[in-house]
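The values are calculated or read from the model by the stated rules, or taken from the named source; none is laboratory data. Values in this document were obtained by computation on a predicted structure and should not be read as measured data. Every residue, glycine among them, receives a Cβ derived from its backbone with ideal geometry; neighbour counts consider all protein chains shown.
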Amino acid sequence: MSALAAYWRSAVGKKMVMAVTGLILFAYVFVHMLGNLQLYAGDGGKAINEYAAFLHSTRAAPLLWAARIVLILCVVLHVWAAIVLTIQAWGARPVRYAKRVYREVGYAARTMVWSGPIIGAFIVYHILHLTCGSAGLPFQELRAYENVVNGFTLWYVSAFYIVAVLMLMLHFNHGLWSWFQTLGWSHPAQDRARRCVANLLTAIVVIGDLSFPIAVLAGLIKIPGGVA
């Protein structure tokens, strides 16, 4: 137990916490995006509305609440580890560099400390908008299709989502790369493959998520008859 506690308190242990929780959160975002692809079913929203109704049914309630508890725990641990590691990094060099030159670290890595809070704010707004209906936008209970279309029809709502997804791209791109490394996929000969996998997985999620507001603004996804 003492060895486990020491590992938990170490920087390596906190990086492992970030890696595991980060991959779980990415998996959720990936599956969530796949579910939202039902917006393109061409059935006027029937498929995605039935999907939303099932997720909120008594049959799915245990699975839904288990997923929520795991996700909340992952978010708390991920944020905690990120804050502690950032404070430790700052404390390791109390005197700032006179001139900072980045050789190995890319833009995505340097903005992790900012993209994380922005994504957190977006998640809160996303839940208020499409789950709780408390964002001041048109909302109908269990009518996911109508709620998405009515929300994204407003250009400023779509713009906010697009910016958030771009922040998500930066966060996941560097995150997947470093999380894979933390979990043991770190041989120099495999760095190129690890980068390709991180880029590919990030691209799939980002392209999918960006397509939703863009498709609504372009009129490719709309409510039949134009009635909200």
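Assess whether Val105 counts as being at pLDDT below 90 and either of a type in the set (A, V, I, L, M) or assigned to a helix (DSSP H, G or I) (or both). It is true that Val105 is at pLDDT below 90 and either of a type in the set (A, V, I, L, M) or assigned to a helix (DSSP H, G or I) (or both). Can you find a residue in the stretch 63-76 that is under 25 Å from Phe139 (Cβ atoms), assigned to a loop (DSSP other than H, G, I, E, B), out of contact with any Gly (no Cβ under 8 Å at 6 or more places or on another chain) and among the hydrophobic types (A, V, I, L, M, F, W, C)? No: the stretch 63-76 contains no residue that is under 25 Å from Phe139 (Cβ atoms), assigned to a loop (DSSP other than H, G, I, E, B), out of contact with any Gly (no Cβ under 8 Å at 6 or more places or on another chain) and among the hydrophobic types (A, V, I, L, M, F, W, C). Any residue at all in the stretch 87-96 that's under 22 Å from the mean Cα position of the chain (by Cα) and either surrounded by 15 or more Cβ atoms within 10 Å (Cβ to Cβ) or at pLDDT below 60 (or both)? No, the stretch 87-96 has no match at all. Determine, yes or no, whether Ala19 is among the hydrophobic types (A, V, I, L, M, F, W, C), out of contact with any strand residue (DSSP E or B) (no Cβ under 9 Å at 6 or more places or on another chain) and at pLDDT 95 or above. No: the conditions fail for Ala19.
Which residues, taken from the stretch 37-50, are in a helix (DSSP H, G or I) and either loosely packed, with under 13 Cβ neighbours inside 10 Å or at pLDDT below 95 (or both)? Residue satisfying the conditions is Lys46 alone. Quick one: Phe152 ticks every box in (1) aromatic (Phe, Trp, Tyr); (2) surrounded by fewer than 18 Cβ atoms within 10 Å (Cβ to Cβ); (3) under 26 Å from Asp43 (Cα atoms) except a single one, so which number is it? Checking Phe152 against (1) aromatic (Phe, Trp, Tyr); (2) surrounded by fewer than 18 Cβ atoms within 10 Å (Cβ to Cβ); (3) under 26 Å from Asp43 (Cα atoms), the one that fails is (2). Cβ-Cβ distances below 7 Å connect the following pairs, each with a first residue in the stretch 5-30 that is in contact (Cβ under 8 Å) with a residue 60 or more places away in the chain and under 13 Å from Leu183 (Cβ atoms), a second residue that is buried (at least 19 other Cβ atoms within 10 Å of the Cβ) and aliphatic (A, V, I, L, M), and a separation of six or more residues or different chains: Val17/Ala81; Met18/Ala81; Met18/Ala82; Phe26/Leu176. A Cβ distance below 7 Å, combined with a sequence gap of six or more or placement on separate chains, defines the contacts here; from the stretch 157-186, residues that are surrounded by 17 or more Cβ atoms within 10 Å (Cβ to Cβ) reach residues that are assigned to a helix (DSSP H, G or I) and of a type in the set (Ser, Thr, Tyr) in the pairs Met167/Ser115; Met169/Thr202; Leu170/Ser115; His171/Ser115; Phe172/Thr202; Asn173/Thr202; Leu176/Thr202. Considering only residues that are under 22 Å from the mean Cα position of the chain (by Cα) and not in a helix (DSSP H, G or I), look in the stretch 114-136 and name the one that is surrounded by the most Cβ atoms within 10 Å (Cβ to Cβ). Here the residue is Ala135.
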